[in-house]
Amino acid sequence: MKIFKNKLFLPFLFLFFSASSILPQGFLKTSGIKIVTDNGQDFLLRGIGLGGWLLPEGYMLQTSSFANAAWQFRQKIEALIGTTKADEFFNLYRANFVTKKDVQKIAEWGFNSIRLPMHFNLLTPQDTPFTYSEEGFATIDSLLQWCEESKIYLILDLHAAPGGQSKDNIADYNPAYPPLWEDAIAKQRTVDLWKTIATRYANKQWIGGYDLINETAYRFSPDNNQPLRDLFVSITSSIRAVDTNHIIFIEGNWYATDFNLLTPPWDNNMVYSFHKYWNATDYNSISYFNNLRNSTQRPLWLGESGENSNQWFTDVIKLMESYNIGWAWWTLKKVEGNNSLMYVKKPAEYDYLLKYWSGQATKPTVDYAVNALTKFAQSFNIDSCKPNSGVLDAMFRQVQSATTLPFSENSIPGIIYAANYDYGQNGFAYKDNDYQNTGNGSWNSGGQYRNDGVDIEKCTDNPSNGFDVGWINTGEYLNYTVNVAQTGTYNLALRVAANAAGGKILMRWDGQNLGSFIDVPSTGGWTTWQSLAVNNISLTQGKHIFSLNFYFGGFNVNHVKFDLAATSVENEVSTSRNFSLLQNYPNPFNPGTIISYQLPVNSFVILKVYDILGKEIAALVNEQQQAGRYSINFNTTNDNQLTTNTLPSGVYFYQLRAGNFVETKKLILMK
């Protein structure tokens, strides 16, 4: 499958973002409720988390059902290829996952910071307390050097503390060891680890700060956060003994949402960090945290967010930046991840390992497994990954603009694939009724190809780009920027599949109806495809917006094929001189709709709306008009248009009279 998204879109993306990524050097610090640079300039963190790199999580690697935690994933690999070869795999995995080129690209995209989720055992091995690994620190040193060269800040995040700060996979909790909050040695190890880190990086200006413990989730007894505060204070004291330069980031209990007893603040250079997932994008969703900022006079940082739709990303970042709250997104790379910055395509050999571990295949040989894991590690290299351009667009350009951009080269004559609608926000590039996950988990039924609300699934029809649009509902639509190579008359073939009849499609061209409603028949199943012909459509050369508008749902759409039928200039002139009354849009409608028509000559025009019994409902036009195209907005809430007080749901008719021309069309009001 070949698409043109990178060629069309990414150069503009880089140009747009790189202008905003020039940063001043110096330690970040707090000033009241703001984060500022050494010279006092306001600094809004725009970051990306490197989730899965030093702490692999099951859902990122598609191993959740049998190896959700990092230690379980290692255990599975060691059982296949042994400890020595497992060490070689993880070294290769880490070497490919994040490289200098990744950091350069992160800066080029417009990010000014990176949040590094660290596993304690990379720096101080599990079974050797208070001893430290130079190899582990060398990994951080390399990343910091790349950040310095690209002039972006590195925030160190202890994502997995000794013993585990929660009993979740994200803390790599292993029940063979006591949890952090029940083990005095684990607590002391955490304090000592942070002092060791701070000693090493105290004078490094491109270290943006220390995120002390990620997402504690523990019910303390009595039910308060005093043990969390006590450990935070101890860690802070150990850091300040060797490092007074860097910001301390403090996360609340219950996944960085509960800051009870974590006030008042105990350090002058301290930021409260909260996390936000799967909830609303309005002010009420952050009011608790904003009140925390106001009462403590300390800055806020959204230290982790993501795992949602592109529109949710846009709305959350808009919300954060409107209240001067910096953010760090989650995450850079995931296996087949449409909502991460990069999509990692899993090798077929690794997929076989997944089947084996799931009990669906026989055990592979050691050589096969080593080869599969080697290819898997290499698949994380940036040169093998596909940037999710729609995610990047949503996080940066769409925060500033509601305009759309072409996703692919939609050339006419040619095929316009349904899944290749434009980049942009819901309501502009597309309209989907369920476009984000705010807690119900049902926002997208397809989950393929792109990360908008549009429900896209894999498609086996021929031809296709590998995907079709399904789960269609009334009122949804898709917009495409298209380029017509030649003015002429075209025949269209709309490729659909439906399990039952009843759906309707309305095509539009630059905001005007392109013909009338197309009835979608039953084709015999969701994957039984049929072409619906729409002939003799006149199109002009150049760039246009083509739209597919859906009603009543219950069908899938693969593509629309445009074939040039005729290029007669005489026919074009004749067509342009005809009277025409177009189908209103939208239809059904509530409360307003647009009625468009064309006059080839100056005419006295009467445009009225009638009920099903022929009673006049509204007089929209009653005047002499010049030749040309007209669009009238009929709104059922406009008392100046209606001749009746109320207008119930039902079928109505509108009629155009212009000279000897008379035409009537049906419209449907649905309240």
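Taking the Cβ-Cβ separation of Val242 and Asn433 as r and a Förster radius of 35 Å, what is the calculated FRET efficiency to the nearest 0.05? The partial results should precede the final answer.
Working: r = 55 Å, r/R0 = 1.57.
That pair, Val242 with Asn433, gives E of 0.05.
By DSSP, what percent of the beta bridges with both residues in region 577-669 are antiparallel, rounded to the nearest 5?
95 percent
How about Lys431: which aspartates and glutamates have a C-alpha closer than 19 Å to its C-alpha, ignoring those fewer than 8 places off in the same chain?
Here the aspartates and glutamates satisfying the reach criterion relative to Lys431 are Asp315, Asp393, Asp422, Asp452, Asp455, Glu457, Asp468, Glu476, Asp510.
Please list the non-local residues whose amide H lies under 5 Å from the amide H of Lys334, H modeled 1.01 Å from N, same-chain partners needing a gap of 5 or more.
Met342, Val344
Lysines within cross-link reach of Lys276: Cα-Cα under 18 Å, excluding same-chain residues under 8 positions apart?
Hits, sequence-local ones excluded: Lys318.
So how do Val469, Val391 line up by other beta-carbon neighbours within 10 Å, fewest first?
Val391, Val469
Which whole-angstrom value gives the distance between the alpha carbon centres of region 35-88 and region 303-360?
12 Å
Do the alpha carbons of any pairs in Lys167/Lys187; Lys195/Lys333; Lys386/Lys543; Lys167/Lys386 sit beyond 23 Å of each other, and which pairs?
In this structure, Lys195/Lys333; Lys386/Lys543; Lys167/Lys386 exceed 23 Å between Cα atoms.
Among the trypsin sites (Lys or Arg not before Pro) within region 179-222, which fall in a DSSP loop and have no more than 12 other Cβ atoms within 10 Å of their own Cβ?
Sparse-neighbourhood loop trypsin sites (Lys or Arg not before Pro): Arg219.
So what J values fall out for region 198-207 if you push phi through Karplus, 6.51 cos²θ - 1.76 cosθ + 1.60 with θ = phi - 60°, rounded to Hz, Gly and Pro as x?
My calculation for region 198-207 gives 5, 4, 6, 10, 3, 9, 8, 6, 8, 7 Hz in order.
Which FRET efficiency value, to the nearest 0.05, do you get for Glu321 and Asn203 by plugging their Cβ-Cβ distance into 1/(1 + (r/R0)^6) with R0 = 30 Å?
FRET efficiency, Glu321 to Asn203: 0.45.
Between region 404-471 and region 219-253, how many Å separate their Cα centres?
45 Å
Can you compute 3J(HN,Hα) from phi for each residue in region 658-666, using the Karplus curve 6.51 cos²θ - 1.76 cosθ + 1.60 with θ = phi - 60°, rounded to whole Hz and x for Gly and Pro?
8, x, 8, 8, 9, 8, 10, 9, 9
Identify all aspartates and glutamates with a Cα-Cα distance to Lys363 below 16 Å; exclude those on the same chain that are fewer than 8 residues away in sequence.
Filter leaves Glu78, Glu349, Asp351.
Neighbouring Cβ atoms within 10 Å as the yardstick, rank Ser113, Ser384 fewest first.
Ser384, Ser113
For the pair Ser401/Asn268, report the inter-label distance in nm, with labels modelled 7 Å from Cα in the Cβ direction.
4.4 nm
Could you give the length gained on full extension between Asp639 and Asp563, defined as 0.36 nm per residue of separation minus the Cα-Cα distance, in nm?
Between Asp639 and Asp563, full extension yields 22.8 nm more.
What net charge is computed for the residues neighbouring Ile33, neighbours being all others with C-beta under 10 Å from the C-beta of Ile33, Lys and Arg scored +1, Asp and Glu -1?
+3
Round to the nearest 0.05 the FRET efficiency obtained for Leu44 and Asn260 when R0 = 22 Å and r is the Cβ-Cβ distance.
0.20
Of the beta bridges DSSP finds with both residues in the chain, what % are antiparallel, to the nearest 5? Walk me through the intermediate numbers first.
Details: 91 of 131 bridges.
Here the share of antiparallel DSSP bridges comes out near 70 percent.
Just order 295-303, 632-640 by mean Cβ neighbour count inside 10 Å, highest at the front, would you? Provide the component values of the computation, followed by the final result.
Numbers: 295-303: 21.3, 632-640: 14.0.
Packing proxy ranking, top to bottom: 295-303, 632-640.
FYI, it's all coordinate maths here, none of it is from the lab. This is a predicted model, so every value here is computed, not measured. With ideal geometry, Cβ positions are generated from the backbone for all residues, glycine too; neighbour counts draw on all protein chains shown.
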